[in-house]
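Note sheet for the following structure.
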Amino acid sequence: MSTQPVSIAIPPIDIRRMEITLVGDSPLICHAWSEKAKKQMLDKQMKKAKQAKEAKDPERDFKESLYEHPDGGYGFPCVAFKAAAVGACRFSDGMKMTEARGNFHVDGELAKIIGQKPTMREDMVRVGMGTADIRYRGEFKSWRVKLAISYNGGAISPEQIVNLYNLAGFGVGVGEWRPEKDGSYGRFHVAKEGE
């Protein structure tokens, strides 16, 4: 039996790019993992002896809650904005979350925050076993970000992407105490022309 060469035509993916600006409708609360928290987790996993608790340093906690952007200023993880839009599929007819995950991507690691400088906020929080603690985090009262988006033009349209982001901004949000987590912070909308 002889084998004949078979010609396979692979259709190219119609990759397109767009940029959108998201405008904050409520303050954005940041909570990056601090080096101290990462070290404590690693030490616990490596079965190292626990150190005595350090005295709380509000200024350090505030600074470590922020994501420093490599170009200066501050940023917020691009993956959070993608996750918000994918989560908004729950509020949209005709698009499944699994489809949305593969139909578009937010390029980059951190979206640069444009707006006022962050301020320190102090919040009472409940941690394991109902114990109360005070947390110091950075908050952007007025903010906006530009997102560079790559998408499959054969699977999703720019209008669908904008719609997902508007739904995400209202019902999902980003950051701490967002609507998805029973809060009202981190809400946004897609900027309209001239905004």
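Arg121 - would you say it is closer than 23 Å to Pro58 by Cα, over 14 Å from the mean Cα position of the chain (by Cα) and surrounded by 14 or more Cβ atoms within 10 Å (Cβ to Cβ)? Give the steps one after another, and end with the answer.
Working: closer than 23 Å to Pro58 by Cα: yes; over 14 Å from the mean Cα position of the chain (by Cα): yes; surrounded by 14 or more Cβ atoms within 10 Å (Cβ to Cβ): yes.
When the stated conditions are applied, Arg121 passes them.
Within the range 145-188, how many residues are crowded, with 18+ Cβ neighbours inside 10 Å and in a strand (DSSP E or B)?
5
Restrict the check to the range 96-116 and report whether at least one residue is in contact with a Phe, Trp or Tyr (Cβ under 8 Å, 6 or more places away or on another chain), of a type in the set (S, T, N, Q) and surrounded by 14 or more Cβ atoms within 10 Å (Cβ to Cβ).
Here is the first cut: in the range 96-116, the ones in contact with a Phe, Trp or Tyr (Cβ under 8 Å, 6 or more places away or on another chain) are 103-106, 110-116.
Those left that are additionally of a type in the set (S, T, N, Q): 103, 116.
Right, trim to surrounded by 14 or more Cβ atoms within 10 Å (Cβ to Cβ) and you get 103.
Yes; the residues of the range 96-116 include at least one that is in contact with a Phe, Trp or Tyr (Cβ under 8 Å, 6 or more places away or on another chain), of a type in the set (S, T, N, Q) and surrounded by 14 or more Cβ atoms within 10 Å (Cβ to Cβ).
List pairs: first in the range 159-178 and within 14 Å of Asp25 (Cα to Cα), second basic (Lys, Arg), Cβ under 7 Å, 6+ apart or cross-chain?
As it stands, the answer is Gly169/Arg187; Phe170/Arg187; Val172/Arg178; Gly173/Arg187, since those pairs meet every condition given.
Of all strands (runs of 3 or more DSSP E) completely enclosed by the range 67-126, which ones contain at least 1 residues that are basic (Lys, Arg)? Steps first, answer last, please.
On the way: elements: 74-77, 104-106, 110-115.
In the range 67-126, the matching strands (runs of 3 or more DSSP E) lie at 110-115.
If Asn152 satisfies every condition in (1) more than 30 Å from Pro12 (Cβ to Cβ); (2) touching a residue at least 40 places away in the same chain (Cβ under 8 Å) but one, which is the exception?
In the conditions (1) more than 30 Å from Pro12 (Cβ to Cβ); (2) touching a residue at least 40 places away in the same chain (Cβ under 8 Å), Asn152 misses (1) alone.
Each reported figure results from applying straightforward, stated rules to the coordinates on display, with no laboratory input. What you are looking at is a predicted structure, and each value in this text was computed from that prediction instead of being measured. As a convention, Cβ positions derive from the backbone with ideal geometry for all residues, glycine included, and neighbour counts pool all protein chains shown.
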